[in-house]
Amino acid sequence: MKDIDALLDEQGLKWGELTFGDICLLAEKSGRSPGEMAILEASRTSKLTESQVGQAIWQEFSHNLSALNKGLEADGASFLFGRMASELSRPGVPPLTGAPLLEKSVKYTFATQVGNHCVGLRPCAGTGDSCSLTGLAQALKEQVEDMELVNRALASMLKIAVLYRVAKTTTGCNLEGFGAGAAAAAAAFSEIFGCTPSQTERAVVLAISPTIGVPCTPRVMVPGLCATHIGGAVMIGWLSAYVSRHSNLPVNVPVDLMFAMAAAVHPVSAQQVVPVVIKYMEPFFKINQQVETFISEQVKIDDEKRRLQTTAQGLLEARAIAAKANSIIKPFGEAVVGGSSQAVGSPANAARIAHALAKGKISKIVIELYPELFARRAINIPAILMSGVYGAATDDARLYLEVIDKVKKDGVEVEILEAQEHQLQKVSLTASAGNSMVAALNRGGGRLVLSEAAPSLEEAVQAARRLGVVLVDG
């Protein structure tokens, strides 16, 4: 193995300041695992031996493991979770997955949350991620014989956890029970599965991805909802490690960049998403009747009135959506090449309408896309070109691959611009016998909202109907 201190100096890194990406890089270059590197970093900064680091980790879990055990007891009950942990552990309850390590990790995570509501937990980023960290620790101890491997898995897991502890600055499960839990679980399972450092990095990136921006804190006051966050985090971590270990799924985002993005989105979610969640969920917050004795009757009346209004409004909104839904015998739209009905199908359909309105040979196409679509131009421009210039349907896989060369060969001028109007996708065609233009707002499922068109909006609507393009209102 290369001298680790020399390697650290070579990379310009310092013990105690390593990111998880640094951990994986140093592990790769030194022939170690990420867990070994995490233990080594802790050893160098604490002056403990590597064996003592393992002992210190288990000492840190002492209180939380007692909470886990309390949650498994028959009288272990949570005001939000009930007795779900002991109920799931009853004889005769069928297995969740058939994988004993995953099975116990999830159930012990639930037990720790129940115990949290009985005796409290020592938080990391919060108490949410402490549930999955503790559940994983106990499951690993019971299911994996090699305790050195277990300690490495815990070290890798906790390296992720302590980074999330710093990054979490406000409300949000995205950097706690769900986000930190999923990423930390991915790191732990990667160590157990024997992933290489690069595979571990990929697994953690995959685990972070679905958790970004997800709020939770308002929902932890609503009975039951947190269960699928903390349990799902463990399962996402397992899935991410499994996929990374056994496939070559291409993932090109560095783990540190993914983590930095999650941390940057975290306060935005708290400011923008959480207020909406509170609006819908607050009427269902769990009430402590003893506390309510201090609350005025008028406040209670107002709370009940708001609960009824919120429920009624939510039902109206759900029914408005249901009224626009297709029959279950016609659930799908037209096939879309390029991998996204929103980023590819919708702008391509706008281009199809523009093609139907143009007259004669097309010599130029101007494509204007709002920032998100412009950033995804690698996948949507071929579809817009084949639909706008040649009138192709969104499922023409052959032309999608060939169209860039074809427009060049045919001498068609192509101009691609970034638009600032949110959701705008605009296609303008110059043609020998009559130009056309379609401006639309982007919608998922290949659908769109027509906003402007030339020669006329009425002709664009008619063209959309002929082509089978689904138009929506707002």
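Of the trypsin sites (Lys or Arg not before Pro) found in the stretch 47-108, those that fall in a DSSP loop while having at most 13 other beta-carbon atoms within 10 Å are K47.
In the distance distribution for the chain, Cα-Cα pairs more than 36 Å apart total 46 percent.
Which whole-number percentage describes the relative contact order of the chain, with Cα contacts under 8 Å and a sequence gap of 6 or more?
Normalised by residue count, the contact order of the chain is 11 percent.
Of the GluC sites (Glu not before Pro) found in the stretch 1-69, those that fall in a DSSP loop while having at most 10 other beta-carbon atoms within 10 Å are E17. Past the 24 Å Cα-Cα mark, which pairs from K324/K426; K359/K426; K361/K409? K324/K426, as the Cα separations exceed 24 Å there. Summarised in one figure, the compactness ratio Rg/Rh of the stretch 23-93, Cα atoms and Kirkwood Rh, is 1.24. Taking every DSSP beta bridge that has both ends in the chain, the antiparallel portion is near 75%. Descending by average beta-carbon neighbour count within 10 Å, the peptides 440-447, 116-123 line up as 440-447, 116-123, the highest first. If you plug the beta carbon distance of V299 and W58 into 1/(1 + (r/R0)^6) with R0 = 51 Å, you get a FRET efficiency near 0.60. No disulfide-compatible partner, judged by a Cβ distance under 4.7 Å, exists for the following cysteines of the chain: C24, C118, C124, C131, C195, C226. By the gyration tensor of its Cα atoms, with a ≥ b ≥ c the square roots of the eigenvalues, what is the shape of the stretch 63-160: rounded for a/c under 1.5, prolate for a/b over b/c, or oblate? Here the stretch 63-160 falls in the oblate category.
The charge dipole of the chain, taken about its Cα centre with unit charges on the Cβ atoms of Lys, Arg (+1), Asp and Glu (-1) only, comes to about 1080 debye.
Only helices enter the 222 nm calculation for the chain: every DSSP H run of n ≥ 4 contributes -39,500 (n - 2.57), and dividing by all residues gives -18500 deg cm²/dmol, rounded to 500. Of the GluC sites (Glu not before Pro) found in the stretch 86-147, those that fall in a DSSP loop while having at most 16 other beta-carbon atoms within 10 Å are E145.
Computed from label points 7 Å out along Cα-Cβ, the spacing between F284 and V366 is 4.9 nm. Could you tell me how many degrees, from 0 to 90 and to the nearest 10, lie between the Cα long axis of helix 34-46 and the main elongation axis, the longest principal axis, of the Cα atoms of the chain? On a 0 to 90 degree scale, this one is about 50. Average 1/r across all pairs of distinct alpha carbons in the stretch 4-276, invert it, and you get the Kirkwood radius: 18.4 Å. Taking every DSSP bridge with both residues inside the stretch 341-467, close to 75 percent are antiparallel.
Between L308 and T170, take the C-beta separation as r, use R0 = 25 Å, and let me know the FRET efficiency to the nearest 0.05.
According to the calculation, E is roughly 0.25.
Just so you know, all these numbers are worked out from the coordinates, no wet-lab data involved. Not measured: the values here are computed from a predicted model. A quick note on method: Cβ atoms are made from the backbone with ideal geometry, for glycine too, and the neighbour counts reach across all protein chains shown.
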